[in-house]
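Data first, discussion second: the structure below is written as structure tokens.
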Amino acid sequence: WNMKFHVVLGTLNAVLWLLWAGHVRHPERRTLRLFMGLLYSALAFELLDFPPLGGLLDAHAAWHACTVPLVGLWWRFVAGDVAWVCSTGGGLTPEASNGGARG
């Protein structure tokens, strides 16, 4: 049940990120969509276990090998997000950014 639980949580996480990316006009939303698509494609290696190929590369090792280059995409999204939030307040109005307080 542990694997099923984490697959459900991961799927919910992906859906929420993709809904957010579809709703917000973030400059790096395409990077986020690409990252999520590649990450969840690589997840197939973790879920669909197979014996080692040539005695060296099993499903878990393939999962890790696929996730290494994804760090660059995630970093591009995070750096773009920081720049976007710093320049625009993340799309928040002045009222929303201070909890609605006036003055």
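Here are the numbers for the structure shown:
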{"item": "Residues satisfying the stated conditions in region 21-35, i.e. open to solvent by 70 Å² or more (accessible area, probe 1.4 Å), part of a helix (DSSP H, G or I) and over 21 Å from GLY72 (Cβ atoms)", "result": "HIS23"}
{"item": "Test result for ARG30, among the charged types (D, E, K, R) and modelled with pLDDT under 85", "result": "no"}
{"item": "Any hit, region 59-68, residues being at pLDDT 90 or above and either surrounded by fewer than 11 Cβ atoms within 10 Å (Cβ to Cβ) or in a loop (DSSP other than H, G, I, E, B) (or both)", "result": "yes"}
{"item": "Unique residue being under 23 Å from ALA79 (Cα atoms), modelled with pLDDT of 90 or more and either open to solvent by 40 Å² or more (accessible area, probe 1.4 Å) or in contact with a helix residue (DSSP H, G or I) (Cβ under 7 Å, 6 or more places away or on another chain) (or both) when the list is LEU12, LEU38", "result": "LEU38"}
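Conditions tested, residue by residue: (1) aliphatic (A, V, I, L, M); (2) more than 24 Å from HIS6 (Cα to Cα).
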residue	(1), (2)
GLU28	no, yes
LEU38	yes, no
GLU46	no, no
HIS64	no, no
VAL68	yes, no
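The values are calculated or read from the model by the stated rules, or taken from the named source; none is laboratory data. Being a predicted model, the structure only gives us computed values, none of them experimental. Because the Cβ atoms are built from the backbone with ideal geometry, glycine has one as well, and the counts that use them run over all protein chains shown. Accessible surface is based on the protein model in full, side chains and every heavy atom, while ligands, DNA and RNA are left aside. Shrake-Rupley method; radii C 1.70, N 1.55, O 1.52, S 1.80 Å.
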